[in-house]
């Protein structure tokens, strides 16, 4: 990991030495599984730590006071939910992923890292019943309107969204009422506080 990336991670809220150790364990598991199962294109140390930083950077601006349940749509190899769950152990995380091998990987991570605040479901978000999230995350899954539509069954009037977007984010904003776009490197975080 580059010194710059490490310094940026350490400067974020909530970061402790124990979190850095868990990030290292997560990195090692990603690399081990990635060689066999092709979970993600992210394989080298630098890229993995950059993805961890990308995942947890929003703790600088997220309003977490009333957040007790976070759902991550299309969790893939665990970005952004697993790094966030590591540093926010008092918040319940539901990771929603339809692909079996990715679910198996994330369960291995959950067990190895002792993430008691993480539950992983092999499903599409549209099929989830009896769950209401305070905050919904998604990274590289679908355009904003589609994400809002397919996640309606797990949201409530007070649910917030944090969507990890690229440069096209402004073209996806149609009827949003209360939102911010926070830029960090090439990432645009679309933080929707009210639908």
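Where a number appears in this text, it was derived from the coordinates with a stated rule and is not lab data. Note that the structure is predicted; figures quoted are calculated from it, not measured. Cβ coordinates were reconstructed from backbone atoms using ideal geometry, including for glycine residues, and neighbour counts include every protein chain displayed.
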- Got at least one residue in region 50-62 being in contact with a helix residue (DSSP H, G or I) (Cβ under 6 Å, 6 or more places away or on another chain) and farther than 20 Å from residue 189 by Cα? no
- Looking only at region 169-189, and only at residues there that are in contact (Cβ under 8 Å) with a residue 40 or more places away in the chain and in contact with a helix residue (DSSP H, G or I) (Cβ under 7 Å, 6 or more places away or on another chain), the one that is surrounded by the most Cβ atoms within 10 Å (Cβ to Cβ): 189
- Task: Working only within region 67-90, note down all residues that are surrounded by fewer than 16 Cβ atoms within 10 Å (Cβ to Cβ) and either touching a strand residue (DSSP E or B) at 6+ places or on another chain (Cβ under 9 Å) or assigned to a helix (DSSP H, G or I) (or both).
- Result: 68
- Working only within region 109-123, note down all residues that are surrounded by fewer than 20 Cβ atoms within 10 Å (Cβ to Cβ), in contact with a strand residue (DSSP E or B) (Cβ under 9 Å, 6 or more places away or on another chain) and outside any loop (DSSP other than H, G, I, E, B). 119, 121, 122
- Which of the residues that make up region 56-66 are closer than 15 Å to residue 14 by Cα, in contact (Cβ under 8 Å) with a residue 24 or more places away in the chain and in a loop (DSSP other than H, G, I, E, B)? 61, 62, 63, 64
